[in-house]
Structures are given as structure tokens and as C-alpha cells.
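Taking it in order: structure first as C-alpha cells, then the write-up.
The values are calculated or read from the model by the stated rules, or taken from the named source; none is laboratory data. Just so we're clear, the structure is a prediction, and the values are computed from it rather than from any experiment. All Cβ positions, even for glycine, are placed from backbone atoms using ideal geometry, and neighbour counts span all protein chains on display. What goes into the accessible areas is simple: the full protein's heavy atoms, side chains included, and nothing from ligands, DNA or RNA. Shrake-Rupley method; radii C 1.70, N 1.55, O 1.52, S 1.80 Å.
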Protein chains: 2
Amino acid sequence: MPDRSGLLIGEMPVMWLRDNCPCGLCRDPRSGQKLFQINSLPAGLRVESVVEGIGGGQRSVEVVWGPDGHRSAYAVEWLEANRPGGGDGGDRRSEHGKELWRAADLAGRLPEARWEAYAGDPGVRARMLEAVLRVGFMLLRGVPERAGQVLAVAETFGHVRETNYGKLFDVRVEPDPNNLAFTSARITPHTDNPYRDPVPTLQLLHCLVNDAEGGESGLVDGFAAAAELRKEDPAAFDVLTRTPVPFVFRDAGTELRADRPLIDTDPLGRVREVRFNNRSIGTLRLPAAELEAFYAAYRAFAELLLRPELQLDLRLAPGDCLLFDNTRLLHARTAFAQDGARHLQGCYADLDGLASSLAVLRRADSLEPLAELFAGAGAAEYLGESVTMAEHMLQAGARAEAAGAPPHLVAAALLHDVGHFEGADGGVSGQDLMAGTDNRHSHTGADLLGRWFGPRVTEPVRLHVAAKRYLCAVEPGYHDRLSEASRYTLRVQGGAMTGAQAAEFAALPGAADAVAVRRWDEEAKEPAAVTPPFEHFLPLLAALLRG
Amino acid sequence: MPDRSGLLIGEMPVMWLRDNCPCGLCRDPRSGQKLFQINSLPAGLRVESVVEGIGGGQRSVEVVWGPDGHRSAYAVEWLEANRPGGGDGGDRRSEHGKELWRAADLAGRLPEARWEAYAGDPGVRARMLEAVLRVGFMLLRGVPERAGQVLAVAETFGHVRETNYGKLFDVRVEPDPNNLAFTSARITPHTDNPYRDPVPTLQLLHCLVNDAEGGESGLVDGFAAAAELRKEDPAAFDVLTRTPVPFVFRDAGTELRADRPLIDTDPLGRVREVRFNNRSIGTLRLPAAELEAFYAAYRAFAELLLRPELQLDLRLAPGDCLLFDNTRLLHARTAFAQDGARHLQGCYADLDGLASSLAVLRRADSLEPLAELFAGAGAAEYLGESVTMAEHMLQAGARAEAAGAPPHLVAAALLHDVGHFEGADGGVSGQDLMAGTDNRHSHTGADLLGRWFGPRVTEPVRLHVAAKRYLCAVEPGYHDRLSEASRYTLRVQGGAMTGAQAAEFAALPGAADAVAVRRWDEEAKEPAAVTPPFEHFLPLLAALLRG
């Protein structure tokens, strides 16, 4: 389909396309980081030619660039997924893609989980972290009522952000409070620490004691409220997005000030942060007319935020830990009897670490089919060897790891024989191979793995059978060290290479890697070997997943 | 001057003025936080009357509000300083108020200091922290070449921000780097962690070893570069401020993404953050025409950032610690020989904590004249007692502190006799008092202290002589326990109060506090007492300074 791809390429801005070149000269193969400056691309950059092909188990397009002759190979799948104009360009932190809510919308479907499930089950953890990004909070129940436990909750997904209140702070009545939070007073809906810049983007509150009369908690979706204000009173919304407001805090050791609008929008005008805290707004210094407009808008927003239908009421019980997006949700509490016992512990953290943890959990999710292969079909015997398929591959992976191999080779060693499993779904199986038919398992395996991994993983797998035929040709004694089963399959696979074949093989880019995998493959047939489980390799595999 | 003040008040937006009411019903006296919601102010808010007066050592204006009858007393000084339209309304993090620079501008005046001076001298520390806010960096020399010392540097002004690179990270050649920083490659000017949101706003780099050929450091003022782009190519500047750019990072345990413009402006259009990192810009998904415009602008900015005249070159030597604003300055390094030893340790922190530390240091600065009183004139004898003036006041402050008194009373006890010092500048002195003339030292002291403190500190000082006359009237045996000198001065001060005077005194708002101060005053004449130095009270006093 050269025409179609040519047309596609012809429509793409050249600088954008070149900036996304995936080759090893343009991107560091280890870190994936770009190795060139945008201004070091040649003047007059142009596409000289476009050739479509198939390689590494996927359709790709090779572009030859003028005037510098650079070559870039793009996967067609990538080009289709990233076609200019095809995306939303939206900021994931903004209202775009969030689920805005009023209290009634969450009736019967609070994002909540038991602590043991959250801590022990990555699926539950992913569901809860996703809820924080989507609706702005999660509620964990049954979190051990230990002092300091809230820090452990934060560490399940990110890093604690220390502030002037410490790494950990106690929310209870204090004798000489530096903040009304540490009294028994009612606190209307607000965001925390608006006087910090950057503001802590997540807050955690862990309830240890709540015997007080009163002291109920409430949450309001500030993005939903801001969207409502934009609908009802666009002028007020506009004023609040463009008026920097001084938020101030001072006590004995602290003097903070940040000048930020109550509603912050991204460059596309979407709400991305809300700051609202009547207690800490300092003195605005603007011309009188602007002050009038600001105060009218501020008051309109304050009234809107207090509408009962917006506020989700909760009563935190001992063991409950509430986590919420402090750039979006406002939190509140009712007054309580001064002598009533109410003790929460809190800390701050950040959304970026939480989103990262969720993305990494999802990588592991996407590897589930591979995990199932190891647990299911992999438990079958391995072509006449005295280990199972899974044991054989785990041994190969463990040997590569012990040898200090780079991650992509550990993965290739671990997964080199997955092509044998394909027979289960029809086609030629391992049993067929032993019955004298080449199942081309190295190719089916590499193609299967192409769903998750790039050529650095798939090509050594593709070539690992050829590597056996190569080694038999060039390494004296290699053939004799093969297991009996392996010597048998060699014949089905074409026997030792000729000299010309061996020279051609050695010139392939993945040849050396394939030979390395082959050696671990040969060694991985020890009946007594103890290997780590497949899960041990999940983080390594997850890190190698296509972006 | 009721006319002048009336006019002033009449021009002020009522909601703004009322929102700034300093009374104890509107603001929590302990934390200074506001106690009311903006929307709980009555509809039809209006100024009913304005009366000017003098109280607490300063001119003030009392406003009576309709329709609710609330009363607010504003210091004229405050009204003048905060008059609507009089301020700049600028965001202190933006280019507004910064000193933008090119390399030559800093020739011979690098913001640098020796570690011992920085650590030991608050004045040096304030000067260096101020430089970070103004020019974007500071350079400390002679920082102990200990692993982990960079964390101690960060803790001199704020909190370390932990990231996926840890609390502390090593910048040296790594065998399997997840970032080009950990290779020997040249790194062009960039900001760090643009894929984090919030981005770490400060970076520290502490040099432990630098024997490598190459490996020079460079700094570029990104705000100056952005301002230059705005001048030379306003359209490109505009494109870069309104195009969210995906910044991405992934490794085995991390997957970060932030969508933010290269140049972020505040609502007034001023540059407030620059993100620039060619290595981690992901795939933009915009219509082709927008991609063309973005890449042209991105390239123009990249070229500008590489102009040699913008880059300040430095070579970090062992013991040097560079700290810079990661939202403003770009940093770079030249390539170095792979086998050359170069080892930096780094960490991240945040600008808000640094600015807070600077503000607190400046409070202590402003108390310098009081510190001098204690060190100078205070060493003089105290009116016939066997302690010096300074010893007497330090004892009073220490006794208040030991009694668990709130900070404003500790301050009042510590400073109750500063009025005696005023005589040194002319007027009636302590010696005059002993010679039979009432120097009204309680009033002169309170008026003097009004420069720094509010009525909660000044009024007990003003009333502490009256409190003696009151106690002599109402407390049997009190007079007899007075020292001989105090009994003598009592007569000059008017003797014991009459019953009517005592009742009037007891009704004053500060009477109870003044009586408490009086009792510590009486106790504070022990020749053998050991007291902390004046500096011990500085943080407490600093926290009480007028905002």
C-alpha cells in the first residue's frame, strides 16, 4: 500500500515527523530520550522517499530524508494512532476527561475499597487510583488505626510532600492553633495550602478517632462548580480566571504567599486547578473597578460552592482514609463539640506520582495474557526435555539476568519459546514439531510478542532458531553439546547453516543478541534449577512495553 | 482629618474594605485567618460612618457598617499602604520583579558565598536566598564534600521534594542509565523533570568530584530568553504560551506525562514558568497547521536559547553547590571523557519554602533595633535594682514563657520597659523618674513598639504602670511586696488607684494582660537568675510582627 502510506506521510508536517523518528541515532535506546536538538535538524528538511515494508512482525514505513539522507522507519500502527489532528491535545489534569459530579451522581458508587484489598490486589489498587484521577478522590476503609499509617498509604503510589505542617500533621483541637483546622470550628469547603506554589496536589486524611458530636466531612467537586459558574455567569468565571489572588499564611516559622487565580485554566481555556480558601485570601491591590468585579465574582462562586446539592457528605470512621485531589475537590467539616474526641492524621502528596503508579500498574495488566501462558499452557512438558515449558523459559530468563544482560535480552530469553504456545489456538504446535514439522515457532513467537515489545525484544526471539543452525555451522563442538531433543528438531529446522548462510546471518543486526539468547536457551534445561516466578520479571517486562 | 479619611474610605470598594476588617470577630487573633465567608456579608453592605482617632500608638479610622452595625478599625498606615490601585497586583513568581540577565550582566557579581558564612550568618543567608528569587540561582563554595550534604543545604531553607530519582540522586556515568544525565554526553540547556506536574521548582547540584576533561556547567535565564523571543518573534512567543506540549518519561517503575506549554504565563500575560527539554518532548497531536506553527516556534526558541551570550559558564569544583530556579533557569553541561571522574549529587526542593525562609529571616532583620537596645543601653543599671535593664526584661520574658503564656504576653513581658530607653534620645529618662519626674515610660514604650507589633503586645505594655497602681488598690499586701525602688516610683506615677479608677481600669480590654505582665515584672529582679539571651526570643517576636 505505498500509495496510501505515501499520501499519509505527505500530509504530515516534516519537522513533527522527523522529531518522532524512533531510530537509535535519534533516541537513546536505553532511556528512550531524544538525542538531537530540534534546531540541529537541517534547513530545508524534506521527505525524499517513502517505502513500505514488513519487519519486526509489523508493517512499517521507511522514510528517507533530504537533504541529510537520514532514514526513519515508522510502524504503520504508530503513524495511524498518532496522525496529526487525530488526538485531543488535551491536558489530562484539566476538566477534559474528568467525570464532573454532584453529590447525587455518586450515590451508591463511592470509589471505596478495603485496605487489605487495595494493598494486596493490583487490580483494586488500579481501580482506586483511576477514581482519584477521574472523580477526584478515593476512600479506603479498614486502614490500620496506627499513628503514621497515612504515610504508608501515600507511599503505595507516590512521595509524601513535606510542608510547614510537617511530613505528617494531626488534625485535632490544639491549644494554640496556627490554623483553624486545628480547632473545633466549622470549616466551609476549601482547598488546602493555596498559599503554597506549587500547591500540594493531593491530600490524605486518615481517621484515628471520631467520637465527637459533629465533625462530619464533605467534598465538593470544584471543577463541576467552576463549570456551573461558567454556564450561569460567564463574566464572573472569566474574572476569576484572570485575577491573581494573594493567598497568605504566616506563623512563627513560616511566611507564605502565592498569587494565583481562584480558577486556573489551561491554554485551551479548560479548568485545570481550583483554589478556594476564604481564610487565607490576603489583600488584593487592584484598581477599585477591578476589585468590585472580583468581589462580585468571588461572592458568586462562594455561594455556588455552598449549594447543598454539590456537597457529598461523609462521616469518617476510625480506619477510614480519604484521599483527594487538592487542585480540584474542596473539603469541609461541620463544627464539633470542643471536648469531643476527633483525631485525623494527614499528609500531602502529588498527582503526578499517583498517575505514574497507575500507568505502571496498567502495564502489568496488559501483560496478563503472557502471565496466563506461563501459568496455563506453559506447565505442559517441553518437547522431550525433563522440564516444563514454563520452567525452561524461566530458567533462560533467570540465566540472562544472572549474567547481567540488559533488560531487553532478559525479556527475549524469558519469552523466546512463546511461539510454541500458539499451537493451542490451532496451527502447528510443539507436538507437531516433534512429529517432524517445523512450526516456525521463533517467527510466531516474535510476531506474538510484537503486540507488547519492540524489535530489540522480538528479533532475538525470531532469530533464536537460526542462531542454533548458525552455531552448529561456526562453533566446533556446539552440535554435540545439544540435548537429544534439540538435535532432533535441528534437522526439522533445516540443519546447520552453510558457510554463505552463516555469513549472511552474522551480518543481521540482531545476530549477536540471538546467539546470546540461544546459549541461555541451551543452558535452561536443568530439572533441579530453582527459578523465580513469572511475576518476578513483570517490572522488567513492563518497562519494555511499547510507549 | 475626618474629611481626608472619609474621602479615602468613600472611594474604596465596600466588599474589599470589609473583607480586610482586622477585628477579632473577622479574623482569628491566634492564626490571623479569616473567620467569615465572603457570601455571609450582608446584602446592601455600606459604610454608615467614618471616625478617625488615635489608639494603640497609631492613627486609625473606625468604620461603622450598615446594615449590620459591624465596626472595623483600620490603621491609617494600612489604608495608605493598601489603597486600591496603589499596588502592582503582580505575581511574584513571574518575570515581574525579577532581574533578567545575560551572561555579561553577571560578570564580577555572581551570587556566591562560602558555606560557613551562609550557614552561620543570617544576613548572608538572606542575601543568597534573595538572589535565587531575583536572578534565579546561588552558588555556595566550600560545602563539605560529604555524600548527602546536598540534603542539608536544602534543609537550610525548605523541604526536599522526593521524585522518581529518589530524595537524593547521583549525577555520574551509570552502567544502564535511565536518563542521559547519567552518561558522559553533552546536555544542552534544559529544565529538569518537565514531565512532572507540579514540576520541582528548585534544583540543587553539589559537586563532590570533577576531574574530568570537559563537564563544564552552564546556566541560561529562560525568562530573559522568553522575553527576547517575545520581542523578536511575538507570534512564536504566543504559540509557545498556548500550546500544551506532552513531556514524557518512562522507565521500569515510572511513567510520567505532563501537558504544559513551553512558556507559561500568568493571567496578566507575564512569563512565570519555562519548560524546555528536547529529550523528553513526546508526540504532539494537533492539526497539521498547528504542528507546523508549533515546530517553527519551538525551533526559534531553541536557537535563541543556544546563543552564547545568554549562557553563563561555570565549572563546578568539589565543594561547590549550585542551586537554581528550575522553572526559570535552564542548565547545561558539556560532554566529558567517559573515564573522567565527575560526580555530583543533586536533589529537588521548592521555591515557596525558600521564599518563606527569606521572609522569616527578614522579620528578624527588622527587629535589629530592639536587639541593639538590649545589647547597648539595656546594659545600664535598672533604677536602683540590682539587675541591669536588659537582665530585668529578659527575666520577665523568661518567666512569662515558663508560665506558658501566649506569645504576645511573652513579648509584652520581655519588652515592657523599653520606654525607659527613649530617654537616651532626649526627653525624660529613667534617671529623671528616679529624680521624681514621671517619664510615662509605659506610654513611650508602647508607642515605640507600635512600629513592630499590634495592640495585643503594645497595650499590656502601655498599662503595666497603671496595673501596679491598680494592684496596690485592690490586692491586700501587694504594695508591701514591691521593691523599695518600685514603691518610690509608685508615688511619682500617681500612687494607688481610687476605687473608681480601679473599676475603670478593670473594664479596659487589656487589663488582665497588663496585670499578668505586671506580676512577671515584679518577679524579674533576681540578681542570680540565669536568662536566655535576647536572640532566644527572636522567632517568637518575628512571628508577632505586623503583616
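Somewhere in region A:47-59, is a residue open to solvent by less than 40 Å² (accessible area, probe 1.4 Å) and modelled with pLDDT of 85 or more?
The answer is no; no qualifying residue exists.
With A:Leu140, A:Leu106, A:Leu129, A:Leu100 as the choices, which residue is closer than 29 Å to B:Ser40 by Cβ and within 25 Å of the chain's Cα centre (by Cα)? Reasoning before the result, please.
Numbers: A:Leu140 fails: closer than 29 Å to B:Ser40 by Cβ; A:Leu106 fails: within 25 Å of the chain's Cα centre (by Cα); A:Leu129 fails: closer than 29 Å to B:Ser40 by Cβ.
None of the other options fit; the residue is A:Leu100.
Which residues, counting only those in region A:385-422, are touching a residue at least 12 places away in the same chain (Cβ under 8 Å) and of a type in the set (S, T, N, Q)?
A:Ser386, A:Gln395 - these are the residues of region A:385-422 that are touching a residue at least 12 places away in the same chain (Cβ under 8 Å) and of a type in the set (S, T, N, Q).
Report the residue count in region A:374-390 for those that are within 22 Å of A:Leu541 (Cβ to Cβ) and surrounded by fewer than 23 Cβ atoms within 10 Å (Cβ to Cβ). Steps first, please.
Keep residues of region A:374-390 that are within 22 Å of A:Leu541 (Cβ to Cβ), which gives A:374-380, A:382, A:387-390.
If we keep only those that are surrounded by fewer than 23 Cβ atoms within 10 Å (Cβ to Cβ) too, we end up with A:375-377, A:379-380, A:382, A:387-390.
Of the residues in region A:374-390, 10 are within 22 Å of A:Leu541 (Cβ to Cβ) and surrounded by fewer than 23 Cβ atoms within 10 Å (Cβ to Cβ).
Report, by residue number, each residue of region B:259-280 that is among the hydrophobic types (A, V, I, L, M, F, W, C) and either over 19 Å from B:Leu329 (Cβ atoms) or not assigned by TED's automatic domain parsing to the domain that holds B:Pro177 (or both). Spell out how you get there, then give the answer.
Applying the first criterion (among the hydrophobic types (A, V, I, L, M, F, W, C)) to region B:259-280 yields B:262-263, B:268, B:271, B:274, B:276.
Listed by number, the list holds a single entry, B:Leu268.
Identify, by number, the condition in (1) in contact with a His (Cβ under 6 Å, 6 or more places away or on another chain); (2) at the interface with another protein chain (Cβ under 10 Å from one of its Cβ atoms) that B:Cys321 doesn't meet.
Among (1) in contact with a His (Cβ under 6 Å, 6 or more places away or on another chain); (2) at the interface with another protein chain (Cβ under 10 Å from one of its Cβ atoms), the lone unmet condition for B:Cys321 is (2).
Among B:Tyr74, B:Tyr118, which is of a type in the set (Ser, Thr, Tyr), in contact with a strand residue (DSSP E or B) (Cβ under 8 Å, 6 or more places away or on another chain) and more than 30 Å from B:Ile54 (Cα to Cα)?
Working: B:Tyr74 fails: more than 30 Å from B:Ile54 (Cα to Cα).
From the options B:Tyr74, B:Tyr118, the qualifying one is B:Tyr118.
Of the residues B:Arg172, B:Arg186, which single one is touching a Lys or Arg at 6+ places or on another chain (Cβ under 8 Å), open to solvent by 10 Å² or more (accessible area, probe 1.4 Å) and within 14 Å of chain A (Cβ to nearest Cβ)?
Working: B:Arg172 fails: within 14 Å of chain A (Cβ to nearest Cβ).
Exactly one residue qualifies, and that residue is B:Arg186.
Between a first residue in region B:477-506 that is in contact (Cβ under 8 Å) with a residue 40 or more places away in the chain and a second residue that is among the β-branched types (Val, Ile, Thr) and part of a helix (DSSP H, G or I), which pairs have beta carbons less than 8 Å apart while being 6 or more apart in sequence or on different chains?
B:Gln493/B:Val465
Does at least one position in region A:80-90 carry a residue that is open to solvent by 50 Å² or more (accessible area, probe 1.4 Å) and at pLDDT 95 or above?
Quick first cut of region A:80-90, residues open to solvent by 50 Å² or more (accessible area, probe 1.4 Å) only: A:80-81, A:83, A:86, A:88.
Keeping just the survivors that are at pLDDT 95 or above gives none.
No: region A:80-90 contains no residue that is open to solvent by 50 Å² or more (accessible area, probe 1.4 Å) and at pLDDT 95 or above.
Residues that are under 30 Å from A:Val457 (Cβ atoms) and without any contact (Cβ under 8 Å) to a residue 60 or more places away in the chain: list the strands (runs of 3 or more DSSP E) wholly contained in region A:53-149 that include at least 1 such residues. Don't jump to the end; show me each part of the working.
On the way: elements: A:58-66, A:71-75, A:112-114, A:137-141.
Correct list: A:58-66, A:71-75.
Being touching a strand residue (DSSP E or B) at 6+ places or on another chain (Cβ under 7 Å) and open to solvent by less than 10 Å² (accessible area, probe 1.4 Å) is the filter here; which residues of region A:155-169 pass it?
If we filter region A:155-169 for residues that are touching a strand residue (DSSP E or B) at 6+ places or on another chain (Cβ under 7 Å), which is where we start, we get A:158-161, A:163-164, A:167-169.
Across region A:155-169, the qualifying residue is only A:Thr163.
Mind listing whichever residues of region A:456-478 are closer than 30 Å to A:Pro369 by Cα and surrounded by fewer than 22 Cβ atoms within 10 Å (Cβ to Cβ)? Reasoning before the result, please.
Of the residues in region A:456-478, the ones closer than 30 Å to A:Pro369 by Cα are A:456-468.
The one that is closer than 30 Å to A:Pro369 by Cα and surrounded by fewer than 22 Cβ atoms within 10 Å (Cβ to Cβ): A:Arg456.
Considering only region B:102-118, I want to know if a residue exists there that is more than 13 Å from chain A (Cβ to nearest Cβ), within 18 Å of B:Gly353 (Cα to Cα) and modelled with pLDDT of 95 or more.
Taking region B:102-118 as the starting set, the residues that turn out to be more than 13 Å from chain A (Cβ to nearest Cβ) are B:102-118.
Among the residues that remain, those that are also within 18 Å of B:Gly353 (Cα to Cα) are: B:118.
Among the residues that remain, those that are also modelled with pLDDT of 95 or more are: B:118.
Checked against the condition, which is being more than 13 Å from chain A (Cβ to nearest Cβ), within 18 Å of B:Gly353 (Cα to Cα) and modelled with pLDDT of 95 or more, region B:102-118 yields at least one hit.
Could you tell me which of the residues A:Asp19, A:Asp3, A:Asp28 is modelled with pLDDT under 95, closer than 28 Å to A:Leu544 by Cα and either open to solvent by 30 Å² or more (accessible area, probe 1.4 Å) or under 30 Å from the mean Cα position of the chain (by Cα) (or both)?
Details: A:Asp19 fails: modelled with pLDDT under 95; A:Asp3 fails: closer than 28 Å to A:Leu544 by Cα.
Answer to the check: A:Asp28.
Anything in region B:491-547 that is within 14 Å of chain A (Cβ to nearest Cβ) and closer than 15 Å to B:Ala411 by Cβ? List them, or say none. Steps first, please.
First pass over region B:491-547, keeping only residues within 14 Å of chain A (Cβ to nearest Cβ): B:536-547.
B:His536, B:Phe537, B:Leu538, B:Pro539, B:Leu540, B:Leu541, B:Ala542, B:Ala543, B:Leu544, B:Leu545, B:Arg546 - these are the residues of region B:491-547 that are within 14 Å of chain A (Cβ to nearest Cβ) and closer than 15 Å to B:Ala411 by Cβ.
Which residues, counting only those in region B:350-373, are without any contact (Cβ under 8 Å) to a residue 60 or more places away in the chain and either assigned by TED's automatic domain parsing to the domain that holds B:Pro200 or surrounded by fewer than 20 Cβ atoms within 10 Å (Cβ to Cβ) (or both)?
If we filter region B:350-373 for residues that are without any contact (Cβ under 8 Å) to a residue 60 or more places away in the chain, which is where we start, we get B:359, B:368-369, B:372-373.
Correct list: B:Ala359, B:Glu368, B:Pro369, B:Glu372.
This table checks each residue for (1) in contact with an Asp or Glu (Cβ under 6 Å, 6 or more places away or on another chain); (2) more than 23 Å from B:Gly253 (Cβ to Cβ); (3) among the acidic types (Asp, Glu).
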position	(1), (2), (3)
B:Glu130	no, yes, yes
B:Leu140	no, yes, no
B:Ala152	no, yes, no
B:Asp192	no, no, yes
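Can you list the strands (runs of 3 or more DSSP E) found entirely within region B:234-316 that contain at least 1 residues being facing chain A (nearest Cβ under 7 Å) and open to solvent by 20 Å² or more (accessible area, probe 1.4 Å)? Give the derivation first.
Working: elements: B:245-251, B:254-260, B:263-265, B:271-274, B:311-314.
Passing ranges, in order: B:245-251, B:254-260.
I'm told A:His343 meets every condition in (1) of a type outside the set (A, V, I, L, M, F, W, C); (2) assigned by TED's automatic domain parsing to the domain that holds A:Arg451; (3) not in a loop (DSSP other than H, G, I, E, B) except one. Can you identify the failing condition by its number?
Result: A:His343 passes all but (2).
How many residues are facing another protein chain (nearest Cβ under 10 Å) and farther than 15 Å from A:Arg186 by Cα when one looks only at region B:24-37? Please lay out each step first, then the result.
Here is the first cut: in region B:24-37, the ones facing another protein chain (nearest Cβ under 10 Å) are B:27-28, B:30-37.
Adding the requirement that they be farther than 15 Å from A:Arg186 by Cα leaves B:30-32.
So the answer is 3.
Could you list, in sequence order, the residues of region B:200-233 that are open to solvent by less than 10 Å² (accessible area, probe 1.4 Å) and not in a strand (DSSP E or B)?
Passing the criteria: B:Pro200, B:Thr201, B:Ala212, B:Gly215, B:Gly222, B:Phe223, B:Ala225, B:Ala226, B:Leu229.
Could you run through region B:344-390 and say how many residues are at pLDDT 90 or above and more than 19 Å from the chain's Cα centre (by Cα)?
Looking only at that region, the number is 5.
Quick one: which helices (runs of 4 or more DSSP H) lie wholly within region B:349-405 and hold at least 3 residues that are more than 20 Å from B:Asp121 (Cβ to Cβ) and away from every other protein chain (no Cβ under 14 Å)?
Details: elements: B:351-366, B:368-375, B:389-402.
Hits in region B:349-405: B:389-402.
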